[in-house]
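Notes for the one structure printed next.
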Amino acid sequence: MIHDMRRTLRTNLTKHNLCSVEIAERVIGHIRKSSIVAVYDKHSYLPEVRTALARYERWLLGETKPERKVVAIKSMLKTKF
């Protein structure tokens, strides 16, 4: 089940252009660096990962938000019976 959630997260990050492929890989813990890149690139990418997860959260909440079918009571009070 955890693997399915990781795959869904990874897929949606790039499918909906929420971050780059490199950052999406880092979100799920995949860091593919050649030995030369590992020597010279010491950036943790934590700010980028946090941004990607925040964007995913906003996308996910927007996708699962129920439709609002509430009528304001204030407008009903203005109607004459």
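The values are calculated or read from the model by the stated rules, or taken from the named source; none is laboratory data. As the structure is a computational prediction, the values presented were derived from the model and not from experiment. Methodologically, a virtual Cβ is constructed for each residue, glycine included, from the backbone with ideal geometry; neighbour enumeration extends over all protein chains shown.
Key figures for this structure:
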| item | result |
| --- | --- |
| Search result, residues across the range 38-81 that are of a type in the set (D, E, K, R), modelled with pLDDT of 90 or more and over 18 Å from Glu25 (Cβ atoms) | Glu57, Arg58 |
| Evaluation of Asp4 against (1) surrounded by 10 or more Cβ atoms within 10 Å (Cβ to Cβ); (2) without any contact (Cβ under 8 Å) to a residue 12 or more places away in the chain (one fails), failing number | (1) |
| The range 1-45 - residue that is more than 14 Å from Leu60 (Cα to Cα) and among the polar types (S, T, N, Q) and, of those, farthest from the chain's Cα centre (by Cα) | Ser35 |
| Residues of the range 1-42 satisfying the condition of being hydrophobic (A, V, I, L, M, F, W, C) and outside any loop (DSSP other than H, G, I, E, B) | Ile2, Met5, Leu9, Leu13, Val21, Ile23, Ala24, Val27, Ile36, Val37, Ala38, Val39 |
| Residues that are in contact with a helix residue (DSSP H, G or I) (Cβ under 6 Å, 6 or more places away or on another chain) and of a type in the set (A, V, I, L, M), drawn from the range 35-50 | Val49 |
